[in-house]
Amino acid sequence: MPSSEMPEFSSYLSGSDAIKLLEFIHKSLSCTAEEDFAALFPKIQELFPFDFATAILGHQDNDGIAKVHNTNISFPEQWLKEYMSKDYLQVDAIIRESFTTYAVQHWSVTRRKLYRREEITALSRDFGMRECYTHGSRPSAGGQNGSMFCFSSQSMKYDMRTVAMLELLTPHLHLAFSHIFDNQQSKTSNALLSSREKEVMNWLKQGKSSWDISVILGISKRTVDFHVYNIMQKLGATNRPQAVAVATRLGLIEIG
């Protein structure tokens, strides 16, 4: 739609809506973890009602929809399990449309334009999700992944006020979601430990000192301390117990 034809979304919002939207935007800028991102959705519920929400980061490629990350806010876990196990992500017309146009969709409207397999619609209805809005953002400059955000309920009428809300808040949701995912990827890649560092970590986990580890591995104590320093830098830890805890949480060393 040419910019000259774009509706003036602010005309659909009240003064109260504008204040709540500004509060949401401010909160979205401070997101540093998935818990912060999830906490945005109660703020969105103050702007328009919904019962279920989920967020997907991904893109289309030659093989279909590539989902790289999903933060499920409140979609039923059993629905997600069935939907993914049957690979509906690759055949769902609404998902394909979302990652093509990134436009606001309302299921009642989209179903009149696109063929959607009845079993997918029936599965959603079985879990109380008869209607849904979806909206997303294209990949940011230099990025590969776009986003799709779903807001569903038993009943959700199509109205321009909700469309306006989605148009105004989705870019901020996308930035927060992408930022958190990029940070997670960065931490994971930075936290890759060498095989020697993993050996040192496993002995640290057992409470061994640098001297003990040097004897066990047949290397100098100074070399062990060097490995420990590198490990703490990679994990962002300030001491050895914290390094062990972080490495265990990231699955870099075995728990047992």
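The values are calculated or read from the model by the stated rules, or taken from the named source; none is laboratory data. Being a predicted model, the structure only gives us computed values, none of them experimental. Here the Cβ positions follow ideal geometry from the backbone for every residue, glycine too, while neighbour counts run over all protein chains shown. Just the protein is used for accessible areas: all its heavy atoms, side chains included, with ligands, DNA and RNA removed. Shrake-Rupley method; radii C 1.70, N 1.55, O 1.52, S 1.80 Å.
Can you tally the net charge around E97? Count Lys and Arg as +1, Asp and Glu as -1, for every other residue whose Cβ sits under 12 Å from the Cβ of E97. Mind dumping the intermediate values first?
Working: positive: R96, R111, K113, R116; negative: D92.
Within the 12 Å Cβ shell, the charges total +3.
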Exercise for the section: Grab every C-alpha pair in segment 1-129, bin the distances at 5 angstrom width from 0 up to the longest one, and report whole percents. Expected result: 2, 8, 14, 18, 20, 17, 13, 7, 1, 0
Completion exercise
Helix 240-249: inclination vs the chain longest Cα principal axis, degrees, rounded to 10, gives 40
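Give me the net charge of S108's neighbourhood, meaning all other residues with Cβ under 12 Å from the Cβ of S108; Lys, Arg count +1, Asp, Glu -1. List each step's numbers first, then the result.
On the way: positive: R111, R112, K113, R116, R130, K157; negative: E131, D159.
Cβ neighbours under 12 Å give a net charge of +4.
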Practice task
Please give every one of the lysines within straight-line cross-link reach of K113, meaning a C-alpha to C-alpha distance under 20 Å, and leave out same-chain neighbours fewer than 8 residues apart.
Solution key: K157
Practice task
If a/c stays under 1.5 just call it rounded; otherwise compare a/b with b/c (prolate if a/b is bigger, oblate if not). Do that for segment 61-108, with a ≥ b ≥ c from the square roots of the Cα gyration tensor eigenvalues.
Solution key: oblate
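Given the convex hull of the Cα atoms of the chain, what is a quarter of its surface area in nm²?
Values: hull surface 70.2 nm².
Its Cα hull, projected and averaged over all orientations, spans 17.5 nm².
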Handout entry: Nearest-20 debye value, segment 13-145 charge dipole, Cβ charges on Lys, Arg, Asp, Glu
Key = 440
Handout entry: Listed residues E34, E199, E23, most fluctuating in the chain (Gaussian network, C-alpha, under 10 Å)
Key = E199
Problem - Most positive-pole-ward Cα, I213, T248, F177, against dipole of the chain from beta carbon charges - result: I213
Completion exercise
Per the helix-only model, the chain has a calculated mean residue ellipticity at 222 nm (DSSP H runs of ≥4, -39500 (n - 2.57) each, divided over all residues, rounded to the nearest 500) of -16000 deg cm²/dmol
Exercise for the section: Considering only Q206, Q78, Q105, give the residue with the highest GNM mean-square fluctuation for the chain, with springs between Cα atoms whenever their separation is below 10 Å. Expected result: Q206
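Place a +1 charge on the Cβ of each Lys and Arg in the chain and a -1 charge on the Cβ of each Asp and Glu, then give the dipole magnitude about the Cα centre in debye, rounded to the nearest 20.
Numbers: 27 positive and 28 negative charges, 125 e Å.
Magnitude of the dipole: close to 600 debye.
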Problem - 29 Å Cα-Cα reach of K198 towards lysines, excluding residues that sit fewer than 8 places from it in its own chain - result: K187, K208, K221, K234
Practice task
Could you please report the charge total around L169, scoring K, R as +1 and D, E as -1 over all other residues with beta-carbon less than 14 angstrom from its beta-carbon?
Solution key: 0
Completion exercise
To the nearest 0.05, the calculated FRET efficiency linking D51 and M232 through their beta-carbon distance, R0 being 45 Å, is 0.50
Completion exercise
Of the candidates Q144, L123, S98, the farthest towards the positive dipole end of segment 65-209 (Lys/Arg Cβ +1, Asp/Glu Cβ -1, centred on the Cα centre) is Q144
Handout entry: Highest-fluctuation residue, T110, T162, T223 considered, GNM on the chain with Cα pairs under 10 Å
Key = T223
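For the chain, give the percent of accessible area contributed by carbon and sulfur heavy atoms, probe 1.4 Å, rounded to a whole number. Display every interim value, and only then the final one.
Numbers: 7110 of 13620 Å².
Answer for the chain: carbon and sulfur cover 52 percent of the accessible area.
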